[in-house]
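Every number here is computed from the coordinates shown, using simple stated rules; none is lab data. It should be emphasised that the depicted structure is a prediction, and the values quoted were computed from it without experimental measurement. Cβ placement follows ideal geometry from the backbone for every residue including glycine, while neighbour counts extend to all protein chains displayed.
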Amino acid sequence: MSKKLITKKESMAWWNCLSEEWRDLFLYALEITLEEFQQQPGFYLDELMTLKSFELDMNEIQDISALGNLIQLTELTIFDNPIQDISVLRNLTRLTDLTLSDNKIRDISVLKNLMQLKGLGLGNNQIQDISILRNLTELTELTLSNNQIQNISILGNLTQLTGLWLNHNQIQDIYPLTKLINLEYLNLEGNPLTQQDIGWLQSKLPNCEIKFY
């Protein structure tokens, strides 16, 4: 269930509890200075709480709990940070595009709440279990490259996928991929598969470009 919008008083209290680093990040997102914010804090907090898109790239941020009140977000990119805990994302149920590449994420169970996702990037993490993705049936693009994934049986549910990146994992059973009849691009480089495996899969997905070497 989505988190309810917070009051102006609550949002001001939230702002006052933020670290200087997070305040700077949010001011940057709003494209304003601290002085401008201080002149109209209520106005700019309203602007912040209704942000649709936010990026957090290469900031050495570990704790992203500050994002919990930005429930209007539809696009979120958190790239190349030492983040492990993404539980705060359970509040952001309006997300349609989420990129969490190049972090240190293992547990992605919170993503089961994000039923509107169409694009999901989880490359370069430490993920083994992707079973919770089975219900994200709106996904059209999914990146899982450079993780520790072996079992991809649930991917057969994601029949809207047009692009799928599974390169550099530990995948041997590719049968579930035969159900993805809308696939246009599939990357399987760096998995323990043979050219014969790929040839068989190509025969099942004749309209898909499969990259293996």
Going through the range 154-171 in order, the residues found to be farther than 15 Å from Leu188 by Cα and outside any loop (DSSP other than H, G, I, E, B) are Ile154, Gly156, Asn157
When residues of the range 115-164 are filtered for being buried (at least 19 other Cβ atoms within 10 Å of the Cβ) and touching a Phe, Trp or Tyr at 6+ places or on another chain (Cβ under 8 Å), how many remain? 6
Every residue from the range 1-50 that is closer than 22 Å to Asn91 by Cβ and β-branched (Val, Ile, Thr): Ile6, Thr7, Thr50
Just to be sure, is Leu92 crowded, with 20+ Cβ neighbours inside 10 Å and more than 19 Å from Phe26 (Cα to Cα)? no
